[in-house]
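The values are calculated or read from the model by the stated rules, or taken from the named source; none is laboratory data. This structure is a prediction, so every number in the text was calculated from the model and none was measured. Glycine gets a Cβ as well: all are built from the backbone with ideal geometry, and neighbour counts include every protein chain shown. Surface areas here come from the heavy atoms of the whole protein model, side chains and all, with no ligands, DNA or RNA. Shrake-Rupley method; radii C 1.70, N 1.55, O 1.52, S 1.80 Å.
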Amino acid sequence: MGRKRLIQTPMSTLLPRAALLSGLLISGPALGGFSLEGFTASVLSTAGSSTPTNTVTPVSSTTWSATGAWTAGGASVSWTDNTQGWNPVTNSGFTNGNFVVRNQSASAQDFSITIGMTGSAAGPLTISGSVGGQFLNASTALGSLTSTVPLWAALVDGTPARSEFNNTLVFAQPFQIISLGNANFSGVVVPTSAASNISIRLNFRMSAGSEASFSSTVAFQAVPNPGAVALIALAGAFGRRRRRR
Amino acid sequence: MQSIYHFSYASVGASLLCAATALGTVSAPPFAFLLSSEGVAGGGLASDFGSVVQVAPTEWLYQGSYHGNTGTTLSWIYLVDPDPFITGTFTVTNESDLARDYLLDFSLSISPPLAASLLSGQVSGTLTDSNGSGSALLTSINGGSVYSALADQSVVQALMANAFQQVTAANGTTSFSDGSFGFPVPVSGPAINSTIGIRFAFSLSAGDSVSFSSVFVANPIPAPAAFIVCGFLGLESRKRSRCGSSRANTSLMRR
């Protein structure tokens, strides 16, 4: 009877079982995870120095929303960022945010902005993400946004795992908006573990009276280790064998 | 010496008049927003939901955020000038489980009224799959325009009609720049009595966010009366200057 039931079990029922088994294996503690322990925000600028304000609000048990601002020397940075620590169901986490940087000082200023979350994740990890933005010149002179290093980077423990918008050079007429375009990537493998943080960094120089805004995401996911992959394959083969019978 | 004073008074007077005509105010101009979604509206003066800082003699920087009742987060940073112009960036995040229609008005009181105007504007943005669902969608509402420039609450220019922007990658973004008006040559606009503004109307998918950078500039066309008054003051100062000079010459000759 039991055998007959197995034979008659439709494939649509077997597949979810295999997937559930696979999921349980992947999410095992041996594969690591990200524990949300905090949120980091730093702004370095030639305009001046001050301590950013950052208010973190829990959205769910694993998701947090952060709103912050920084002001010094006529320049300002503001952000809203949503962060999810390690999710054991999806085996992933992410940080995504919107940043607006404004230079109201009388001269061009350099900015280095790092927003992210602190914690750890056992590698290897795969990272995916994106960045898009606009440059707005609200002055009566020609405005510029430049960067001789990657304007945007996803960092794992402070080391770039992926960078975009390399060697940026953008000009805008008075009261003109220039779209910086967007960049998307996925499947970037980080062979090592994240020991302390995963973050987004922006580096650029911006003319007086200008504004730059960016939308950015970084998501990370555990790479199944060889043992888990072998178990998944075994589960698949087992299911196939049963169906054949 | 007297002529110098006369000339100075006239110059200062003319400058003040012209400045008053052009600037009109020295306090922060009221800058308000109204966010409507699913029949629920909220908002008020932007300064009540954040900060306002004067960054130039006639320019103010508004920053703030607002959490709507329908699971919406709105944040903004706008530079405004009652001269007038509105320029800046806002972000809307739809934190609900459903796609939402949004109507968002930013409105700036201007001073003084403009007898005639020259207009320019632009909009650009970035759509983000913020919840990593693998997709994000931004569309117009019923094929209308996403961006509308307002003068005294009436639409004077519109951009992004029939908008359709989508993200098809998990955690992806797409940037869009969908037109402008009045660049490089401003287009003529109507008389504007009390406010300029920008209206955004769009539908945004669940769990996703969109940022818009926008500009709306309404340059005043100098009224003929202002020219006449300034010209009159200029002539007056010139006349007094001449009189002063002739008096001085006469006194010198007498000596």
Query - Members of the stretch A:59-96 found to be in a strand (DSSP E or B), more than 9 Å from chain B (Cβ to nearest Cβ) and open to solvent by less than 20 Å² (accessible area, probe 1.4 Å), listed by number - result: A:A66, A:G68, A:W70, A:A72, A:A75, A:V77, A:D81, A:T83, A:G85, A:G93, A:T95
Report summary line: In the stretch B:190-201, anything within 15 Å of the chain's Cα centre (by Cα) and either within 15 Å of B:I110 (Cα to Cα) or in a loop (DSSP other than H, G, I, E, B) (or both) is listed as B:I192, B:N193, B:S194, B:T195, B:I196, B:G197, B:I198
Requested in this report: Considering (1) over 16 Å from the mean Cα position of the chain (by Cα); (2) open to solvent by 40 Å² or more (accessible area, probe 1.4 Å), say which one A:D157 fails and leave the rest.
Outcome: (1)
Query raised in the report: From the residues in the stretch A:97-110 that are surrounded by 22 or more Cβ atoms within 10 Å (Cβ to Cβ) and of a type outside the set (S, T, N, Q), which one is farthest from B:G207 (Cα to Cα)?
Result: A:R102
Query raised in the report: Of all residues in the stretch A:160-174 being in a strand (DSSP E or B) and among the polar types (S, T, N, Q), which is surrounded by the fewest Cβ atoms within 10 Å (Cβ to Cβ)?
Result: A:S163
Report summary line: Reported set for the stretch A:175-193 where residues are within 15 Å of the chain's Cα centre (by Cα) and either more than 7 Å from every other protein chain (Cβ to nearest Cβ) or surrounded by fewer than 21 Cβ atoms within 10 Å (Cβ to Cβ) (or both) is A:A183, A:N184, A:F185, A:S186, A:G187, A:V188, A:V189, A:V190
Requested in this report: Identify all residues within the stretch B:120-138 that are touching a residue at least 60 places away in the same chain (Cβ under 8 Å) and surrounded by fewer than 23 Cβ atoms within 10 Å (Cβ to Cβ); write none if there are none.
Outcome: B:S133, B:S135, B:L137
Query raised in the report: Does B:A116 qualify as being away from chain A (no Cβ under 13 Å) and not acidic (D, E)?
Result: yes
Query - Any chance A:G133 is buried (at least 19 other Cβ atoms within 10 Å of the Cβ) and not hydrophobic (A, V, I, L, M, F, W, C) - result: yes
Report summary line: Being within 20 Å of B:A28 (Cα to Cα), among the β-branched types (V, I, T) and either within 12 Å of chain A (Cβ to nearest Cβ) or surrounded by fewer than 24 Cβ atoms within 10 Å (Cβ to Cβ) (or both) narrows B:I77, B:I141 down to just B:I77
Report summary line: Pairing a residue in the stretch A:209-229 that is more than 23 Å from B:T93 (Cβ to Cβ) and within 14 Å of chain B (Cβ to nearest Cβ) with any residue that is open to solvent by less than 40 Å² (accessible area, probe 1.4 Å) and modelled with pLDDT of 85 or more, where Cβ atoms lie under 6 Å and the two sit 6 or more apart in sequence or on different chains, gives A:G209/A:A138; A:G209/A:S139; A:S210/A:N103; A:S210/A:N137; A:S210/A:G143
Query - Matching residues in the stretch A:33-54 - criterion: being open to solvent by 30 Å² or more (accessible area, probe 1.4 Å) and either under 19 Å from the mean Cα position of the chain (by Cα) or under 21 Å from A:S210 (Cβ atoms) (or both) - result: A:S35, A:L36, A:E37, A:F39, A:T40, A:S42, A:L44, A:T46, A:S49, A:S50, A:P52, A:N54
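Do you know which residues across the stretch A:146-177 are aliphatic (A, V, I, L, M) and touching a Gly at 6+ places or on another chain (Cβ under 9 Å)?
Selection gives A:L151, A:A154, A:L155, A:V156, A:V170, A:A172.
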